[in-house]
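Trainee: Quick one: structure below, then a few questions.
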Amino acid sequence: MVLWHNTPDASRIPEVPLMGERISLWIGTYPIEPGQSVWVEFTVRNHDGKERQDKQSASWHSNDEPRHNSYWVAHIGPFESKDRVEYVVWGSIGDKTVSDPNTYEFEVV
């Protein structure tokens, strides 16, 4: 299983989140296989320095049969102004777990 995020076909919407908005994190996986699961683990740091960690499952959205890709979406938020959110995308199939090698982050406006 290969997964990706922050690409033209699997992006964060909105790119620059505003206070009170929910964020959609689109995630791609390859190849199309039954039994996959995808989730996001994230840390929120507020302007006072307080930190909390959370996890959100992604829901399967669609397949791109010609490219053998599946697309998933995880919804996180809403957050407060100046919250800094850092997240990692994970996936599994059977007993194999993989993560995107990148850590992503954004600050809420």
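Trainee: Just to be sure I understand the filter: pairs with C-beta atoms under 6 Å, separated by 6 or more residues or on different chains, first member in region 30-44 and free of Cβ contacts under 8 Å to residues at least 40 places away in the same chain, second member part of a strand (DSSP E or B) and not small (Gly, Ala, Ser). Which pairs pass?
Mentor: Ile32/Asn63
Trainee: Here's something else I'd like to know. May I ask you to list the residues in region 47-66 that are part of a loop (DSSP other than H, G, I, E, B) and surrounded by fewer than 15 Cβ atoms within 10 Å (Cβ to Cβ)?
Mentor: His47, Asp48, Gly49, Lys50
Trainee: Just a yes or no: is a residue in region 67-76 in contact (Cβ under 8 Å) with a residue 24 or more places away in the chain, surrounded by 12 or more Cβ atoms within 10 Å (Cβ to Cβ), of a type in the set (Gly, Ala, Ser) and in a strand (DSSP E or B)?
Mentor: For region 67-76, residues in contact (Cβ under 8 Å) with a residue 24 or more places away in the chain, surrounded by 12 or more Cβ atoms within 10 Å (Cβ to Cβ), of a type in the set (Gly, Ala, Ser) and in a strand (DSSP E or B): present.
Trainee: Could I ask something else about it? Could you list, in sequence order, the residues of region 2-46 that are of a type in the set (D, E, K, R) and either in a strand (DSSP E or B) or in contact with a helix residue (DSSP H, G or I) (Cβ under 6 Å, 6 or more places away or on another chain) (or both)? So that I can check it myself, show each step before the final result.
Mentor: Keep residues of region 2-46 that are of a type in the set (D, E, K, R), which gives 9, 12, 15, 21-22, 33, 41, 45.
Arg12, Glu41, Arg45, listed by residue number.
Values quoted throughout were computed directly from the atomic coordinates according to the rules given, and no laboratory measurement underlies them. What you see is a predicted model, and the numbers here were worked out from it, not measured in a lab. Every residue, glycine among them, receives a Cβ derived from its backbone with ideal geometry; neighbour counts consider all protein chains shown.
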